[in-house]
Amino acid sequence: MKIAVYGSGGREHALVDSFVSSGHEVVVFPGNPGIAEIAEISPGPFESIEADLYVIGPEAPLVDGIADRLRDLGKLVVGPGRVGAQLEGSKAWMKEILHSAGIPTASFRTFTDSKSAIEYLNSYPGPYVIKTDGLAAGKGVLVTTDRDEAIFDVTEKLSGHSFGSAGTKVVIEEAMEGPEISVLVLCDGHKGFALPPASDFKRIYDNDLGPNTGGMGAFSPVPGVGPELIDRVINESIDPLIKEFIRRGIDYRGILYAGLMLTSNGPKVVEFNIRFGDPETQVVVPRIQNDLAKLLYQLAQGELKTKPEVIDEAVVTVVLAAEGYPERPIPGAQISIDSTSLDPDVRIYHAGTKSLSSGELVVAGGRVLNVTATGKDLRAARELAYKTISSIRFENMQYRSDIALRASENG
Ligand code: AMP
Ligand code: GLY
């Protein structure tokens, strides 16, 4: 099969790696230097690529309606159309749909003017959770116990200073507590099949300190999260969401990414995303035994037949980030990778890299590389990932040293 993939990150590199390993022909737009080593890069536009299946990586083009445009041309697409993409494109829309479908999630209120938002914040002791309505690359959420900070944040967001028009509506929600997991679900418009669960690390520094990022690492499986819990998530959160979509005339064919908090009252939805997670994909996809492209083809046709089979091995990915990430990543540092002694169980997925005409590889984004290792358990996978990092260098490289640490001690 010939597959067109949209995107340029570690997530897309991992997907392309999986498709190519299963013998498919893959064309990518815009791609990155790592992807260019294993697949063809298209100069674009994406819609002009001729392929049997179109897989869209990031959320922005989906929110912009790329899947509708491709379907109008008669193409098979993995990704929701513009209306379904509002699930990630608008937190207020997502919360409203979860509420209508009776899905367990934090209670919430939506505000467009700061006076009533501040009055609301003054009416309870906290903690406060304030979210920008529109797309904010994972950086539009404040969780705080400090009311003054919450009031300042709401005022800034609603003034349009922080996120422009994406921020002129905010959702203020009840604070939940508990460990978080990510469950990616293949959805064909009628039903959902869960992929193995993953855990990601959102903060930049060890011990979950510092600002939020797009994700600094991930692992799968997640100790304590077995098939019973996943069934519960499917029954309580995924099936009702798909039913609600059908009720509203939305034919959602794509990935449903459930970000869940395992609270003392059971799993509750923190957010839904409309695409494969990054870096979750890097640890989930290598654990799928089937030909993933075939499952995605069935999904795009609207009839998933094959359930994902999962291998027992564990996968850990550690993100190597640029100096200055997440606030202001500094581009240009030269990257050296000693690939002579790379273990066959390791993949180095590219995210923010660029290849100069001189052949040098340099930093060109916040998250630069994803070192992904497979092992018999989390401990082995984690050790291999960290051992590999010592063969990679660029100036002021940042990475967390505690990815999968606690889980590998408990698992
Ligand atoms: P989101 O972009 O909605 O996933 O939020 C980013 C992060 O903020 C989540 O991964 C949680 O760690 C935290 N968060 C979001 N909503 C809540 C909530 N209602 N209660 C506690 N923490 C939250
Ligand atoms: N890892 C978080 C995300 O993909 O949104």
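The values are calculated or read from the model by the stated rules, or taken from the named source; none is laboratory data. Small disclaimer: the values here were computed from a predicted structure and weren't measured. With ligands, DNA and RNA removed, areas are computed over all heavy atoms of the protein, side chains included. Shrake-Rupley method; radii C 1.70, N 1.55, O 1.52, S 1.80 Å.
Anything over 24 Å Cα to Cα? Flag those among Lys91/Lys305; Lys202/Lys243; Lys95/Lys115; Lys131/Lys191; Lys157/Lys354, in the order listed.
Over 24 Å Cα-Cα: Lys91/Lys305; Lys202/Lys243; Lys131/Lys191; Lys157/Lys354.
Rounded, prolate or oblate: pick one for the chain, where a ≥ b ≥ c are the square roots of the eigenvalues of its C-alpha gyration tensor, a/c under 1.5 means rounded, and failing that, prolate if a/b is larger than b/c, else oblate.
On the way: a/c = 1.42, a/b = 1.21, b/c = 1.17.
In terms of gyration-tensor shape, rounded.
Run the reach check for Lys75 against aspartates and glutamates, Cα to Cα strictly under 14 Å, same-chain hits fewer than 8 apart removed. What comes back?
Partners found: Glu47, Glu50, Asp52.
Filter the DSSP H helices in the chain by two things, a Kyte-Doolittle mean of at least 0.5 and an axial alpha-carbon span of 24 angstrom or more, and list the hits by number.
On the way: long enough: none.
Span-like helices here: none at all.
If one computes the Cα centroid of the range 39-96 and of the range 331-364, what distance in Å separates the two points?
Distance between centres, Cα-based: 29 Å.
By the gyration tensor of its Cα atoms, with a ≥ b ≥ c the square roots of the eigenvalues, what is the shape of the range 30-93: rounded for a/c under 1.5, prolate for a/b over b/c, or oblate? Kindly include the intermediate steps, with their values, before the conclusion.
On the way: a/c = 2.77, a/b = 1.56, b/c = 1.78.
Oblate shape, in that a/c is at least 1.5 and b/c is the bigger or equal ratio.
Just the number, please: carbon plus sulfur as a percent of the accessible area of the chain, 1.4 Å probe, no ligands or DNA/RNA counted.
Values: 8230 of 17290 Å².
So the carbon and sulfur contribution to the accessible surface is 48 percent.
So what is the accessible area of the chain per residue, in Å², with the probe set to 1.4 Å?
Numbers: 17290 Å² over 411 residues.
I get 42 Å² per residue for this part.
Nearest 500 deg cm²/dmol is fine: what mean residue ellipticity at 222 nm does the chain get from its DSSP H runs of n ≥ 4 alone, each adding -39,500 (n - 2.57), divided by its residue count?
On the way: 14 runs with 113 residues, N = 411.
The per-residue figure over the chain is -7500 deg cm²/dmol.
With the cut-off at 1.5 for a/c, could you classify the range 165-320 from its C-alpha gyration tensor as rounded, prolate or oblate? It would help to have the intermediate numbers written out before the result.
Numbers: a/c = 1.57, a/b = 1.16, b/c = 1.35.
In terms of gyration-tensor shape, oblate.
Taking Cα pairs under 8 Å and at least six residues apart, what relative contact order does the chain come out at, in percent?
On the way: 971 pairs, mean separation 67.8, N = 411.
With pairs under 8 Å counted, the relative contact order is 16 percent.
Just to be sure I understand: with springs between alpha-carbon atoms less than 10 Å apart, which residue in Lys243, Lys169, Lys376 has the highest mean-square fluctuation in the Gaussian network model of the chain?
Lys376
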